[in-house]
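Step one of this worksheet: look at the structure below.
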(Lines give C-alpha, C1' and ligand atoms only; values in the text may rest on other atoms or scores of the structure.)
Protein backbone atom coordinates (compact mmCIF):
# COMPACT_ATOMS: atom_id res chain seq x y z
CA UNK A 1 0.00 0.00 0.00
CA UNK A 2 1.38 3.39 -0.98
CA UNK A 3 -1.05 5.56 0.92
CA UNK A 4 -4.31 5.84 2.77
CA UNK A 5 -6.41 8.99 2.57
CA UNK A 6 -9.28 8.72 5.06
CA UNK A 7 -10.67 12.13 4.01
CA UNK A 8 -11.31 10.96 0.46
CA UNK A 9 -11.79 7.38 1.64
CA UNK A 10 -9.26 6.00 -0.82
CA UNK A 11 -6.20 3.78 -0.79
CA UNK A 12 -3.44 3.72 -3.38
CA UNK A 13 -1.88 0.29 -3.78
CA UNK A 14 0.89 -0.81 -6.11
CA UNK A 15 1.27 -4.02 -8.04
CA UNK A 16 4.62 -5.09 -9.50
CA UNK A 17 4.19 -5.88 -13.21
CA UNK A 18 7.86 -6.37 -14.13
CA UNK A 19 11.15 -6.31 -12.20
CA UNK A 20 11.39 -2.52 -12.43
CA UNK A 21 7.81 -1.35 -13.12
CA UNK A 22 4.56 -1.24 -11.23
CA UNK A 23 0.97 -0.14 -11.61
CA UNK A 24 -0.65 2.04 -8.97
CA UNK A 25 -4.36 1.52 -8.35
CA UNK A 26 -6.67 3.94 -6.57
CA UNK A 27 -9.31 2.09 -4.59
CA UNK A 28 -12.28 3.82 -3.00
CA UNK A 29 -14.12 2.54 0.05
CA UNK A 30 -16.69 5.34 -0.01
CA UNK A 31 -18.96 2.78 -1.66
CA UNK A 32 -20.19 -0.39 0.10
CA UNK A 33 -17.52 -2.42 -1.74
CA UNK A 34 -13.92 -1.56 -2.42
CA UNK A 35 -14.06 0.03 -5.90
CA UNK A 36 -11.21 0.52 -8.35
CA UNK A 37 -11.61 4.13 -9.54
CA UNK A 38 -8.31 4.99 -11.20
CA UNK A 39 -4.84 3.79 -12.20
CA UNK A 40 -1.34 5.09 -12.82
CA UNK A 41 0.26 2.60 -15.17
CA UNK A 42 3.88 1.56 -15.82
CA UNK A 43 5.47 3.57 -13.05
CA UNK A 44 9.18 2.79 -12.47
CA UNK A 45 9.87 1.25 -9.06
CA UNK A 46 12.21 4.04 -8.03
CA UNK A 47 10.56 5.49 -4.94
CA UNK A 48 7.44 7.21 -3.69
CA UNK A 49 6.19 9.31 -0.80
CA UNK A 50 2.77 10.38 0.41
CA UNK A 51 2.35 13.77 2.06
CA UNK A 52 -0.77 13.84 4.23
CA UNK A 53 -0.77 17.60 4.55
CA UNK A 54 -1.08 18.27 0.82
CA UNK A 55 -2.79 14.92 0.18
CA UNK A 56 -0.33 14.27 -2.65
CA UNK A 57 1.45 11.13 -3.72
CA UNK A 58 4.94 11.76 -5.09
CA UNK A 59 6.77 9.28 -7.28
CA UNK A 60 9.63 9.16 -9.77
CA UNK A 61 9.11 8.65 -13.48
CA UNK A 62 11.43 8.53 -16.49
CA UNK A 63 14.53 6.53 -17.20
CA UNK A 64 18.32 6.88 -17.21
CA UNK A 65 19.42 10.49 -16.84
CA UNK A 66 15.94 11.83 -17.53
CA UNK A 67 14.11 11.10 -14.33
CA UNK A 68 11.60 13.45 -12.79
CA UNK A 69 9.46 13.68 -9.70
CA UNK A 70 5.73 13.59 -10.43
CA UNK A 71 2.78 13.89 -8.12
CA UNK A 72 -0.86 12.93 -7.98
CA UNK A 73 -3.18 15.20 -6.02
CA UNK A 74 -5.70 13.08 -4.13
CA UNK A 75 -7.66 16.09 -2.86
CA UNK A 76 -11.20 15.71 -4.18
CA UNK A 77 -10.30 12.64 -6.22
CA UNK A 78 -13.47 10.76 -5.25
CA UNK A 79 -15.62 13.61 -6.60
CA UNK A 80 -13.42 14.01 -9.69
CA UNK A 81 -13.49 10.37 -10.66
CA UNK A 82 -16.70 9.21 -9.07
CA UNK A 83 -17.10 5.44 -9.19
CA UNK A 84 -17.03 4.66 -12.90
CA UNK A 85 -17.48 1.22 -14.39
CA UNK A 86 -14.19 1.70 -16.20
CA UNK A 87 -11.46 3.03 -13.93
CA UNK A 88 -9.76 6.19 -15.22
CA UNK A 89 -6.16 6.00 -16.40
CA UNK A 90 -4.36 8.92 -14.79
CA UNK A 91 -1.01 10.62 -15.34
CA UNK A 92 1.24 12.16 -12.73
CA UNK A 93 2.04 15.86 -12.99
CA UNK A 94 5.74 16.61 -13.45
CA UNK A 95 7.18 18.63 -10.59
CA UNK A 96 10.98 18.74 -10.91
CA UNK A 97 13.72 16.94 -12.82
CA UNK A 98 16.14 14.78 -10.84
CA UNK A 99 19.73 16.03 -11.37
CA UNK A 100 21.79 13.75 -13.60
CA UNK A 101 24.48 13.18 -10.98
CA UNK A 102 21.93 11.62 -8.63
CA UNK A 103 21.77 8.38 -10.55
CA UNK A 104 20.37 5.56 -8.44
CA UNK A 105 18.09 2.52 -8.62
CA UNK A 106 16.04 3.72 -5.69
CA UNK A 107 15.28 7.11 -4.19
CA UNK A 108 13.94 8.41 -0.94
CA UNK A 109 11.49 11.32 -1.25
CA UNK A 110 10.20 13.75 1.39
CA UNK A 111 7.93 16.74 0.89
CA UNK A 112 7.09 19.52 3.27
CA UNK A 113 5.32 22.77 2.33
CA UNK A 114 6.86 23.41 -1.09
CA UNK A 115 10.16 21.83 -0.15
CA UNK A 116 11.08 18.52 -1.72
CA UNK A 117 14.02 16.31 -0.80
CA UNK A 118 15.27 13.71 -3.22
CA UNK A 119 17.94 11.37 -1.90
CA UNK A 120 19.55 8.16 -2.98
CA UNK A 121 18.35 5.23 -0.94
CA UNK A 122 20.95 3.09 0.77
CA UNK A 123 21.69 -0.40 -0.32
CA UNK A 124 22.99 -2.56 2.45
CA UNK A 125 25.24 -4.92 0.57
CA UNK A 126 26.29 -6.88 3.62
CA UNK A 127 22.72 -7.69 4.63
CA UNK A 128 20.91 -10.50 2.91
CA UNK A 129 17.44 -9.12 3.41
CA UNK A 130 15.61 -6.18 4.90
CA UNK A 131 12.42 -6.40 6.81
CA UNK B 1 59.18 -11.72 25.75
CA UNK B 2 58.63 -11.86 22.01
CA UNK B 3 55.23 -10.84 20.64
CA UNK B 4 53.46 -13.84 19.18
CA UNK B 5 53.15 -13.95 15.43
CA UNK B 6 49.70 -14.59 14.01
CA UNK B 7 49.24 -16.43 10.80
CA UNK B 8 48.20 -14.21 7.89
CA UNK B 9 44.61 -15.53 7.83
CA UNK B 10 44.11 -14.12 11.35
CA UNK B 11 45.19 -10.62 10.42
CA UNK B 12 42.29 -8.20 10.47
CA UNK B 13 42.46 -5.07 8.38
CA UNK B 14 39.65 -2.68 9.30
CA UNK B 15 38.09 -0.94 6.35
CA UNK B 16 36.54 2.49 6.36
CA UNK B 17 32.77 2.20 6.18
CA UNK B 18 31.77 3.89 2.96
CA UNK B 19 28.01 3.66 3.55
CA UNK B 20 27.89 7.35 4.44
CA UNK B 21 29.66 8.31 1.24
CA UNK B 22 26.79 6.79 -0.71
CA UNK B 23 24.35 9.21 0.85
CA UNK B 24 23.67 11.99 -1.58
CA UNK B 25 20.68 14.15 -2.29
CA UNK B 26 19.13 17.43 -3.30
CA UNK B 27 16.64 19.84 -1.80
CA UNK B 28 14.20 21.73 -4.00
CA UNK B 29 13.05 24.80 -2.09
CA UNK B 30 11.63 26.58 -5.11
CA UNK B 31 9.60 24.09 -7.05
CA UNK B 32 8.60 26.66 -9.67
CA UNK B 33 12.09 27.08 -11.09
CA UNK B 34 13.05 23.49 -10.18
CA UNK B 35 16.60 24.50 -9.22
CA UNK B 36 18.09 21.91 -6.85
CA UNK B 37 20.34 22.64 -3.88
CA UNK B 38 22.87 19.95 -3.08
CA UNK B 39 22.43 18.67 0.46
CA UNK B 40 25.18 20.16 2.54
CA UNK B 41 28.23 18.08 3.29
CA UNK B 42 28.16 18.46 7.08
CA UNK B 43 24.68 16.96 7.39
CA UNK B 44 25.82 13.81 5.65
CA UNK B 45 28.81 13.40 7.88
CA UNK B 46 27.47 14.20 11.32
CA UNK B 47 24.47 11.91 11.08
CA UNK B 48 24.84 8.20 10.44
CA UNK B 49 22.77 6.25 7.99
CA UNK B 50 19.18 7.37 8.25
CA UNK B 51 16.97 4.30 8.47
CA UNK B 52 13.63 5.93 9.25
CA UNK B 53 12.32 9.48 9.21
CA UNK B 54 8.96 10.79 10.41
CA UNK B 55 7.89 14.38 9.72
CA UNK B 56 5.35 16.27 11.81
CA UNK B 57 3.58 19.13 10.02
CA UNK B 58 2.24 20.60 13.29
CA UNK B 59 5.62 21.25 14.87
CA UNK B 60 7.60 21.57 11.59
CA UNK B 61 10.04 18.98 12.87
CA UNK B 62 11.33 15.76 11.40
CA UNK B 63 12.62 12.94 13.57
CA UNK B 64 15.09 10.59 11.97
CA UNK B 65 16.45 7.36 13.34
CA UNK B 66 20.04 6.82 12.29
CA UNK B 67 22.39 3.90 12.51
CA UNK B 68 25.59 5.20 14.06
CA UNK B 69 27.36 1.89 14.40
CA UNK B 70 26.93 -1.75 15.29
CA UNK B 71 25.52 -0.96 18.73
CA UNK B 72 24.51 2.68 18.58
CA UNK B 73 21.31 4.20 17.27
CA UNK B 74 20.74 7.94 16.99
CA UNK B 75 17.61 10.05 17.32
CA UNK B 76 17.94 13.21 15.27
CA UNK B 77 15.52 16.13 15.18
CA UNK B 78 15.63 18.37 12.14
CA UNK B 79 13.86 21.67 11.70
CA UNK B 80 11.94 21.59 8.44
CA UNK B 81 11.62 25.36 8.33
CA UNK B 82 15.41 25.93 8.21
CA UNK B 83 16.42 23.65 5.34
CA UNK B 84 16.46 20.59 7.57
CA UNK B 85 19.00 21.88 10.08
CA UNK B 86 19.87 19.43 12.83
CA UNK B 87 18.53 20.84 16.11
CA UNK B 88 18.79 18.00 18.59
CA UNK B 89 20.21 14.52 18.81
CA UNK B 90 20.55 11.69 21.28
CA UNK B 91 22.01 8.22 21.18
CA UNK B 92 20.98 4.90 22.57
CA UNK B 93 22.98 1.73 23.03
CA UNK B 94 21.65 -1.53 21.67
CA UNK B 95 22.81 -5.07 22.01
CA UNK B 96 22.47 -5.64 18.29
CA UNK B 97 21.80 -2.90 15.78
CA UNK B 98 21.46 -5.02 12.67
CA UNK B 99 19.74 -3.25 9.82
CA UNK B 100 17.37 -6.19 9.57
CA UNK B 101 16.07 -5.59 13.07
CA UNK B 102 12.45 -4.62 13.47
CA UNK B 103 12.21 -0.99 14.52
CA UNK B 104 9.20 1.29 14.80
CA UNK B 105 9.21 5.08 15.08
CA UNK B 106 6.07 7.14 15.64
CA UNK B 107 6.04 10.89 16.19
CA UNK B 108 3.17 12.93 17.71
CA UNK B 109 4.35 16.51 17.82
CA UNK B 110 1.15 17.91 19.37
CA UNK B 111 1.62 15.75 22.45
CA UNK B 112 5.43 15.93 22.32
CA UNK B 113 5.59 12.17 22.11
CA UNK B 114 8.05 9.98 20.31
CA UNK B 115 7.32 6.28 20.40
CA UNK B 116 10.11 3.93 19.57
CA UNK B 117 10.48 0.16 19.50
CA UNK B 118 13.49 -1.96 18.69
CA UNK B 119 13.53 -5.72 18.37
CA UNK B 120 16.84 -6.18 20.20
CA UNK B 121 15.51 -4.97 23.57
CA UNK B 122 11.78 -5.63 22.85
CA UNK B 123 10.80 -2.47 24.75
CA UNK B 124 8.42 0.23 23.66
CA UNK B 125 9.84 3.57 24.73
CA UNK B 126 7.98 6.84 24.97
CA UNK B 127 10.31 9.83 24.70
CA UNK B 128 9.78 13.54 24.84
CA UNK B 129 10.05 14.70 21.25
CA UNK B 130 11.83 17.95 22.20
CA UNK B 131 14.32 16.80 24.83
CA UNK B 132 14.47 13.19 23.54
CA UNK B 133 14.49 12.05 27.18
CA UNK B 134 12.87 8.72 27.92
CA UNK B 135 9.57 9.19 29.76
CA UNK B 136 8.47 5.59 30.11
CA UNK B 137 9.19 2.13 28.85
CA UNK B 138 6.98 -0.91 28.32
CA UNK B 139 8.39 -4.40 28.04
CA UNK B 140 6.80 -6.47 25.32
CA UNK B 141 7.38 -9.57 27.46
CA UNK B 142 5.13 -8.17 30.21
CA UNK B 143 2.48 -7.02 27.73
CA UNK B 144 2.39 -10.48 26.13
CA UNK B 145 2.13 -12.06 29.58
CA UNK B 146 -0.80 -9.78 30.53
CA UNK B 147 -2.79 -10.69 27.42
CA UNK B 148 -1.88 -14.38 27.34
CA UNK B 149 0.48 -14.30 24.36
CA UNK B 150 3.69 -15.38 26.08
CA UNK B 151 3.93 -18.54 23.98
CA UNK B 152 4.27 -16.53 20.77
CA UNK B 153 6.57 -13.82 22.15
CA UNK B 154 9.52 -14.73 19.92
CA UNK B 155 7.35 -14.25 16.80
CA UNK B 156 5.61 -11.15 18.09
CA UNK B 157 8.84 -9.29 18.90
CA UNK B 158 9.65 -9.17 15.17
CA UNK B 159 6.13 -8.80 13.78
CA UNK B 160 4.71 -6.21 16.20
CA UNK B 161 3.27 -3.00 14.88
CA UNK B 162 1.84 -0.12 16.87
CA UNK B 163 0.36 3.34 16.77
CA UNK B 164 -0.75 5.98 19.26
CA UNK B 165 -4.32 7.06 20.05
CA UNK B 166 -4.17 10.56 21.55
CA UNK B 167 -7.79 10.78 22.73
CA UNK B 168 -7.36 7.57 24.74
CA UNK B 169 -3.77 8.44 25.80
CA UNK B 170 -2.94 4.89 24.81
CA UNK B 171 -0.95 2.88 22.36
CA UNK B 172 -2.60 0.37 20.07
CA UNK B 173 -0.58 -2.74 19.35
CA UNK B 174 -1.02 -5.33 16.65
CA UNK B 175 0.23 -8.57 18.18
CA UNK B 176 -0.43 -11.35 15.71
CA UNK B 177 -4.19 -11.77 15.57
CA UNK B 178 -4.87 -9.54 18.59
CA UNK B 179 -5.29 -5.80 18.80
CA UNK B 180 -4.17 -4.67 22.23
CA UNK B 181 -4.70 -1.33 23.94
CA UNK B 182 -1.92 -0.21 26.30
CA UNK B 183 -2.39 2.88 28.43
CA UNK B 184 0.63 5.18 28.39
CA UNK B 185 0.31 5.60 32.18
CA UNK B 186 1.27 2.37 33.87
CA UNK B 187 -0.86 3.14 36.92
CA UNK B 188 -4.00 3.07 34.78
CA UNK B 189 -5.65 -0.03 33.43
CA UNK B 190 -3.63 -3.05 32.37
CA UNK B 191 -3.11 -3.93 28.66
CA UNK B 192 -6.30 -5.36 27.22
CA UNK B 193 -7.28 -7.11 24.02
CA UNK B 194 -9.89 -4.95 22.30
CA UNK B 195 -10.25 -7.08 19.18
CA UNK B 196 -9.38 -10.62 18.15
CA UNK B 197 -9.01 -11.20 14.43
CA UNK B 198 -10.63 -14.36 13.17
CA UNK B 199 -9.73 -16.31 10.04
CA UNK B 200 -6.45 -17.16 8.35
CA UNK B 201 -5.49 -13.68 7.18
CA UNK B 202 -2.14 -12.49 8.53
CA UNK B 203 -2.30 -8.80 9.34
CA UNK B 204 1.01 -6.99 9.54
CA UNK B 205 0.43 -3.27 9.96
CA UNK B 206 -1.74 -0.95 12.05
CA UNK B 207 -2.29 2.78 11.49
CA UNK B 208 -4.48 5.25 13.34
CA UNK B 209 -5.78 8.50 11.83
CA UNK B 210 -6.70 10.96 14.52
CA UNK B 211 -8.88 13.26 12.42
CA UNK B 212 -11.27 10.48 11.49
CA UNK B 213 -10.71 8.30 14.56
CA UNK B 214 -10.23 5.34 12.27
CA UNK B 215 -7.85 2.44 12.59
CA UNK B 216 -6.57 0.61 9.52
CA UNK B 217 -5.19 -2.90 9.83
CA UNK B 218 -3.48 -4.21 6.70
CA UNK B 219 -3.18 -7.84 5.71
CA UNK B 220 -1.96 -9.72 2.67
CA UNK B 221 -5.37 -10.08 1.03
CA UNK B 222 -7.67 -7.77 2.96
CA UNK B 223 -7.82 -4.67 5.12
CA UNK B 224 -9.85 -3.87 8.21
CA UNK B 225 -11.21 -0.47 9.10
CA UNK B 226 -12.13 0.00 12.74
CA UNK B 227 -13.89 3.09 14.01
CA UNK B 228 -12.94 4.10 17.55
CA UNK B 229 -14.84 6.11 20.11
CA UNK B 230 -14.18 6.77 23.80
CA UNK B 231 -15.47 3.33 24.74
CA UNK B 232 -13.61 1.27 22.16
CA UNK B 233 -14.46 -0.10 18.71
CA UNK B 234 -17.62 1.43 17.31
CA UNK B 235 -17.64 -0.04 13.80
CA UNK B 236 -15.83 -2.59 11.70
CA UNK B 237 -15.42 -3.04 7.95
CA UNK B 238 -13.43 -5.73 6.18
CA UNK B 239 -12.33 -4.65 2.71
CA UNK B 240 -11.26 -6.99 -0.05
CA UNK B 241 -10.32 -6.17 -3.62
CA UNK B 242 -10.69 -8.26 -6.75
CA UNK B 243 -7.52 -6.78 -8.27
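Is one or more of the residues making up the stretch B:202-210 more than 14 Å from chain A (Cβ to nearest Cβ) and not in a strand (DSSP E or B)? There is at least one residue in the stretch B:202-210 that is more than 14 Å from chain A (Cβ to nearest Cβ) and not in a strand (DSSP E or B).
Among residues of the stretch A:89-121 being at the interface with another protein chain (Cβ under 7 Å from one of its Cβ atoms) and in contact (Cβ under 8 Å) with a residue 40 or more places away in the chain, the one that is farthest from residue A:75 (Cα to Cα) is A:118. Number of residues in the stretch B:115-134 that are within 20 Å of residue B:187 (Cα to Cα) and surrounded by 15 or more Cβ atoms within 10 Å (Cβ to Cβ): the value is 7. Could you list, in sequence order, the residues of the stretch B:122-138 that are touching a helix residue (DSSP H, G or I) at 6+ places or on another chain (Cβ under 9 Å) and free of Cβ contacts under 8 Å to residues at least 40 places away in the same chain? B:122, B:123 - these are the residues of the stretch B:122-138 that are touching a helix residue (DSSP H, G or I) at 6+ places or on another chain (Cβ under 9 Å) and free of Cβ contacts under 8 Å to residues at least 40 places away in the same chain.
Residue by residue, here is whether (1) outside any strand (DSSP E or B); (2) more than 14 Å from chain A (Cβ to nearest Cβ) holds:
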| site | (1), (2) |
| --- | --- |
| B:101 | yes, no |
| B:117 | no, no |
| B:125 | no, yes |
| B:132 | yes, yes |
| B:136 | no, yes |
| B:143 | yes, yes |
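Here residue A:79 clears all of (1) more than 8 Å from chain B (Cβ to nearest Cβ); (2) at pLDDT 85 or above; (3) in a loop (DSSP other than H, G, I, E, B) except the condition numbered (3).
Within the stretch A:76-110, being under 18 Å from residue A:36 (Cα atoms) and out of contact with any strand residue (DSSP E or B) (no Cβ under 8 Å at 6 or more places or on another chain) holds for A:76, A:79, A:80, A:85, A:86.
Remark: residue B:181 falls outside the filter, which requires a residue to be part of a strand (DSSP E or B) and within 14 Å of chain A (Cβ to nearest Cβ). Quick one: in the stretch B:211-243, of everything that is facing chain A (nearest Cβ under 9 Å) and more than 24 Å from the chain's Cα centre (by Cα), which residue is farthest from residue A:53 (Cα to Cα)? Filtering first and then ranking leaves B:242.
Just one residue in the set A:36, A:24 is more than 9 Å from every other protein chain (Cβ to nearest Cβ), out of contact with any helix residue (DSSP H, G or I) (no Cβ under 8 Å at 6 or more places or on another chain), closer than 20 Å to residue A:81 by Cβ and surrounded by 16 or more Cβ atoms within 10 Å (Cβ to Cβ); that residue is A:24.
Considering B:27, B:43, B:50, the condition of being at pLDDT below 85, out of contact with any helix residue (DSSP H, G or I) (no Cβ under 9 Å at 6 or more places or on another chain) and part of a strand (DSSP E or B) is satisfied by B:50 alone. How many residues are under 14 Å from residue A:115 (Cα atoms) and surrounded by 19 or more Cβ atoms within 10 Å (Cβ to Cβ) if we restrict to the stretch B:79-95? Residues in the stretch B:79-95 being under 14 Å from residue A:115 (Cα atoms) and surrounded by 19 or more Cβ atoms within 10 Å (Cβ to Cβ): 2 in total.
Does residue B:17 satisfy being in a loop (DSSP other than H, G, I, E, B) and at pLDDT below 85? Yes, satisfied. Summed over the stretch A:3-20, residues that are more than 19 Å from residue A:81 (Cα to Cα) and not in a strand (DSSP E or B) total 2.
The values are calculated or read from the model by the stated rules, or taken from the named source; none is laboratory data. No experiment lies behind these values; they were computed from the predicted model shown. Every residue, glycine as well, gets a Cβ built from its backbone with ideal geometry; the counts of neighbours run over all protein chains shown.
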